[in-house]
Amino acid sequence: MPKITPESSVNWSSLRDLAGFFKENDLEFERLHTACSAATLLFPETHMDLVRIGIAGYGFWPTQETFELIKNQLPPENRNPLKRLLTWKTQIMSLKKVKSGEFVGYGKSFEASQDMTLAIIPVGYSHGYGRNLSNQGKVLISGSFCPVVGTVNMNAVAVDISHLKLAKSGDEVILIGTQGKMKLPLGHLQRRQTLSTMKC
């Protein structure tokens, strides 16, 4: 296991000193706890009476650094023992045909280089699907990745489904999660929006 950092060591020592002070003055706490998800996974000496897992309880590593520090101690047959519980999904609202040379969405941020079929998805930045994902994001439809085209609107986004022959209104759309054998992890949004997993 990695060693606790000097900064964390100071905090850990301060907590123990404070608990000792209260005990000397006849005030004992029923339980002491200080370990968050990362400390629970990395530093067993901080476990005390309880641990306070947060993001790990949803099956996500607190940070990439946490995973890098612990991965060599994980069995080869199970390099990622955390099972993700989060899924974000919706449905295709409608289909639109776009001709080569036409623009998609506000600001002419995307010009079709060929005739295309787009699926309109009823999710936008008002729901937390950031505008940073304009012309950058992707979703899963029918087990296939479909790129976001144009600017993410307040309540809608367009994705290219030209490669899908049978897609229709009402079909499932995965923004985070698994569809068939394909996965779209939370990290996809995290990297595109420069957020930590705590804020996604």
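The values are calculated or read from the model by the stated rules, or taken from the named source; none is laboratory data. All values derive from a computational prediction rather than experimental measurement. Counting neighbours? That spans all protein chains shown, and the Cβs are built from the backbone with ideal geometry, glycine included. Keep in mind that these areas ignore ligands, DNA and RNA; they rest on the heavy atoms of the full protein, side chains included. Shrake-Rupley method; radii C 1.70, N 1.55, O 1.52, S 1.80 Å.
Only Lys, Arg, Asp and Glu carry charge here, each on its Cβ (+1 for the first two, -1 for the last two); on that basis the chain has a dipole of about 1040 debye about its Cα centre. The residue list Gln179, Ser109, Leu32 was ranked by how far each Cα lies along the charge dipole of the chain toward its positive end, using unit charges on Cβ atoms, and Ser109 comes out on top.
Against the chain, whose longest principal axis comes from its Cα atoms, helix 6-24 is set at around 50 degrees.
Using helices alone, what [θ] at 222 nm do you get for the chain, with -39,500 (n - 2.57) per DSSP H run of 4 or more residues, divided over all residues and rounded to the nearest 500? Numbers along the way, then the final one.
Details: 4 runs with 40 residues, N = 200.
Per the formula, -6000 deg cm²/dmol.
Using a probe of 1.4 angstrom, how much of the accessible area of the chain is carbon and sulfur, in percent? Let's see the in-between values first.
Values: 6540 of 12280 Å².
Carbon plus sulfur share of accessible area: 53 percent.
Averaged over its residues, the chain has an accessible area of 61 Å² per residue, based on protein heavy atoms and a 1.4 Å probe. DSSP beta bridges confined to the chain are antiparallel in about 95 percent of cases. Highest-first packing order for the peptide set 117-124, 24-31, 146-153 is 146-153, 117-124, 24-31, based on the mean count of other beta carbon atoms within 10 Å. The residues packed around Thr87, meaning those with a beta-carbon under 15 Å from its beta-carbon, carry a net charge of +3 if Lys and Arg are +1 and Asp and Glu are -1.
Can you list which of the trypsin sites (Lys or Arg not before Pro) found in the range 75-180 are DSSP loop residues with at most 14 other C-beta atoms within 10 Å? Mind dumping the intermediate values first?
Working: sites: Arg79, Lys83, Arg84, Lys89, Lys96, Lys97, Lys99, Lys108, Arg131, Lys138, Lys165, Lys168; in loops: Arg79, Lys83, Arg84, Lys99, Lys165, Lys168.
The qualifying sites are Arg79, Lys83, Lys99, Lys165, Lys168.
Estimated at 0.36 nm per residue, the fully extended path between Asp115 and Arg16 surpasses their Cα-Cα distance by 29.0 nm.
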